[in-house]
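What follows is one structure encoded as structure tokens, with my remarks underneath.
The values are calculated or read from the model by the stated rules, or taken from the named source; none is laboratory data. Everything numeric in this text was worked out from a predicted model, so none of it was measured. All Cβ positions, glycine included, derive from the backbone under ideal geometry; neighbour counts span all protein chains shown. For the accessible areas, the whole protein counts, side chains as well, though only heavy atoms, and no ligand, DNA or RNA atoms are used. Shrake-Rupley method; radii C 1.70, N 1.55, O 1.52, S 1.80 Å.
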Amino acid sequence: MELAWYALLGFFFATYLVLGGYDYGVGLLLARGGGTSRRATLTALGPFFLGNEVWLVATAGILFGAFPALEGELLSGFYPVVVTALVGVIAVTVGVQLRGRPATPSARARWDRVVVAGSLLAALGWGALLAGLLQGVPLTAAGHVAGVGHVVTPFVAAGGLAMAALVAVHGATFLTLRLPVAEAAALARTARRLVPVALAAVALAAVAGGLSVGVRAAAQRPMFAVLLPVALFAALLAARVALARRRPGLAFAATSAALALPVAAVGATLWPYALVSTVDPGASLAVADAAASRPTLSLLGWLTVPLLPALLGFQAMCWWVFRGRTDGRAPVYW
């Protein structure tokens, strides 16, 4: 039962990164272009924006209810990067909501900068969190994380930068599905130019991980850690080929996979542990120990079973209702 809940936790967080990832990618792209293109960009994002963040709330709910021990150590041991990510999420939400109010062009420009900064913070924070988990944490024999120095390492920084590059590609690819054909062509060129940047960022993170003593010590199944950069390279190259062939749907599927893969790889690499101690291997927190009691998990199951199809149904309905481009034309997905 613990495995099922751990997989469900990973599924919810991976889905959030895929859906919220293009929110932050689009936010990063506000740094380019003039006011008209910025309005068109946010219009393309608008119908999906708030619904995507529901997956983050659901992830937090599962973490709090099903893995209370993990939730406590995760938030205390990674609070700098978690706070960074959450500040970014809030800044993006506030900026997008308030820039549309009657305001002067200078005020809208200031809110645009808030959205760009928030998108960057969110991407860096979530990427750093995943890299920090893969690197291992200084868990003491008492079962508590000692300090926060483990989040200030080259690998954690590289992981944050890699996530920022991935969401930028993802956001540009999303816009090729939504914007009118003329503007989508320009975004497709932008996405293709961003792919080499993302490849370089992933390569940097892979090198930093290979040189990290913590990553080598924490990996319970090193094969998955090695396969992660290979899979990310393949997904990014597939996206670039699909964009070149004017198949934005395939490109979007590839960039979606690139954002979901790190979550799956981190979970598989660390299993059967949720947190691996770099101080005392015997203090590592196993998934089974981090989970709530069986009766609690069974009770939560009665709440989650109807929640998951409801969320999936809402997301499918949203995409179906607002399918196509913002000018009313249907894109060639595949």
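Which value in deg cm²/dmol, rounded to the nearest 500, describes the helix-derived mean residue ellipticity at 222 nm for the chain, given -39,500 (n - 2.57) per DSSP H run of n ≥ 4 and division by the residue count?
So the helix-based figure for the chain works out to -26500 deg cm²/dmol.
What is the calculated FRET efficiency for Val94 to Trp320, with r their C-beta to C-beta distance and R₀ = 25 Å, to the nearest 0.05?
E between Val94 and Trp320, to the nearest 0.05, is 0.30.
Can you give the FRET efficiency for Ala31 and Arg245, using 1/(1 + (r/R0)^6), R0 = 25 Å, r = Cβ-Cβ distance, to the nearest 0.05?
Numbers: r = 28 Å, r/R0 = 1.11.
With R0 = 25 Å, the Cβ-Cβ based efficiency is 0.35.
What order do Arg113, Arg221 take when sorted by accessible area (1.4 Å probe), most exposed first?
Arg113, Arg221
From the phi of every residue in the range 278-295, what ³J(HN,Hα) in whole Hz does the Karplus formula 6.51 cos²θ - 1.76 cosθ + 1.60 yield, where θ is phi - 60° and glycine or proline is x?
Calculated HN-Hα couplings, in order: 8, 9, 9, x, x, 8, 4, 8, 6, 4, 4, 6, 6, 6, 6, 5, 4, x Hz.
Work out Dmax and Rg for the chain from the C-alpha atoms and quote the Rg first, both in angstrom.
Every Cα atom of the chain included, Rg and Dmax give 19.9, 60 Å.
If I model a spin label at Val152 and Ala60 as a point 7 Å from the Cα along the Cα→Cβ vector, what separation in nanometres do I get?
Each label point is offset 7 Å from its Cα along the Cβ direction, giving 2.7 nm.
Among Ile62, Ile90, what's the order by accessible area (1.4 angstrom probe), most exposed first?
Ranking Ile62, Ile90 by accessible area, largest first, yields Ile90, Ile62.
In nm², what is the average projected area of the convex hull enclosing the Cα atoms of the range 254-334?
For the Cα atoms of the range 254-334, the hull's average projected area reads 8.7 nm².
Starting from the coordinates of the alpha-carbon atoms of the range 187-286, obtain the Kirkwood hydrodynamic radius over all distinct pairs and give the value in Å to one decimal.
Over the range 187-286, the inverse of the mean reciprocal pair distance is 14.8 Å.
From the residues Leu70, Leu8, Trp302, which one has its Cα farthest along the dipole of the chain in the positive direction, the dipole being from +1 and -1 charges on Cβ of Lys/Arg and Asp/Glu about the Cα centre?
Farthest towards the positive end: Leu8.
I need the trypsin sites (Lys or Arg not before Pro) found in the range 1-88, filtered to DSSP loop residues with at most 15 other beta carbons within 10 Å of theirs. Could the numbers behind the result be given before it?
Details: sites: Arg32, Arg38, Arg39; in loops: Arg32.
Passing both the DSSP loop test and the Cβ count: Arg32.
Order these peptides, 258-270, 200-212, by their mean beta-carbon neighbour count within 10 angstrom, highest first.
Result, highest mean Cβ count within 10 Å first: 258-270, 200-212.
Hey, can you find the accessible area per residue of the chain for me, probe 1.4 Å, expressed in square angstrom? Write out the running numbers ahead of the final one.
Values: 14540 Å² over 334 residues.
Result: 44 Å² per residue.
Most mobile of Thr255, Thr140, Thr104 per a Gaussian network model of the chain (Cα springs, under 10 Å)?
In this elastic network of the chain, the residue with the biggest mean-square fluctuation among Thr255, Thr140, Thr104 is Thr104.
Collect residues whose amide H, placed 1.01 Å from N in the peptide plane, falls under 5 Å from the amide H of Leu275; neighbours closer than 5 in sequence don't count.
Leu285
Can you work out the FRET efficiency for the pair Leu75 and Arg39, with r the C-beta to C-beta distance and R0 = 35 Å, to the nearest 0.05?
On the way: r = 37 Å, r/R0 = 1.07.
That gives a FRET efficiency of 0.40.
Using a 1.4 Å probe on the protein heavy atoms, what percent of the accessible area of the range 157-287 belongs to carbon and sulfur?
C and S atoms contribute 71 percent here.
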